[in-house]
């Protein structure tokens, strides 16, 4: 069965600094991969997704993610973080069942 | 505008009472899902439905029930058999095949 690991429970960065959130997945074939963002008390919003093709995926709000098959990773990056990026981020994988399996999330705090 | 509506946003119930959470979508999506979210646990799948009049158990279905009588609606009942019902509940929908989920804004259920 597929699974997702987000190694970092909580990350703190300064506004304007770069960001990388880690995601590792477990699935035998090429997975479909997603990153979602959740503000407190709200639903999840899709940031970006990878199905096939170019391994560097661009998303909304200036985020990008890179699929690395050799490392089973799909890390999320942003060159310069804004205070409004403070939220919880979830990586998810779908492996043939049309159901998404989510990681436990990484909470991002942005210092002024 | 199309979207998913979850109601109510906050719900309080006494222990031992059944409670039904509403989820309605006007996106013409075939598949609908219910997730439970607890702090530090990520999202766990309760039930999902890929077509009207059919649904399957997810990873934590015990103590919950659903129905899918209309394409637009997928209500979740939290029964008295659910031992720890206080949580944040998220409904989502998707087109059959993978395109990512659209989430509702959630219902926070508190059982006292």
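The values are calculated or read from the model by the stated rules, or taken from the named source; none is laboratory data. Just so it is clear, the structure is predicted and the values come from calculations on it, not from any experiment. In this analysis, Cβ positions are derived from the backbone assuming ideal geometry, glycine residues included, and neighbour counts consider all displayed protein chains.
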### Message
Just checking, does segment B:17-35 include any residue being closer than 17 Å to residue A:38 by Cβ and without any contact (Cβ under 8 Å) to a residue 24 or more places away in the chain?
### Response
no
### Query
Which of the residues spanning segment B:2-60 are exposed (fewer than 13 other Cβ atoms within 10 Å of the Cβ) and at positive phi?
B:16, B:28, B:40, B:53
### Task
Determine whether residue A:50 is in contact (Cβ under 8 Å) with a residue 40 or more places away in the chain and either in contact with a strand residue (DSSP E or B) (Cβ under 9 Å, 6 or more places away or on another chain) or under 24 Å from residue B:104 (Cβ atoms) (or both).
no
### Query
Given the residues B:96, B:108, B:68, which is the only one that is more than 24 Å from residue B:16 (Cβ to Cβ) and either modelled with pLDDT of 95 or more or crowded, with 17+ Cβ neighbours inside 10 Å (or both)?
B:68
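Each row is one residue, and each column tells you yes or no for (1) away from every other protein chain (no Cβ under 14 Å); (2) surrounded by 19 or more Cβ atoms within 10 Å (Cβ to Cβ); (3) in contact with a helix residue (DSSP H, G or I) (Cβ under 9 Å, 6 or more places away or on another chain); (4) not in a strand (DSSP E or B).
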{"position": "A:36", "(1), (2), (3), (4)": "no, yes, no, no"}
{"position": "A:42", "(1), (2), (3), (4)": "no, no, no, yes"}
{"position": "A:54", "(1), (2), (3), (4)": "yes, no, no, yes"}
{"position": "A:65", "(1), (2), (3), (4)": "no, yes, no, no"}
{"position": "A:70", "(1), (2), (3), (4)": "yes, no, no, yes"}
{"position": "A:77", "(1), (2), (3), (4)": "yes, no, no, no"}
{"position": "A:90", "(1), (2), (3), (4)": "no, yes, no, no"}
{"position": "A:101", "(1), (2), (3), (4)": "no, yes, no, no"}
{"position": "A:110", "(1), (2), (3), (4)": "yes, yes, yes, no"}
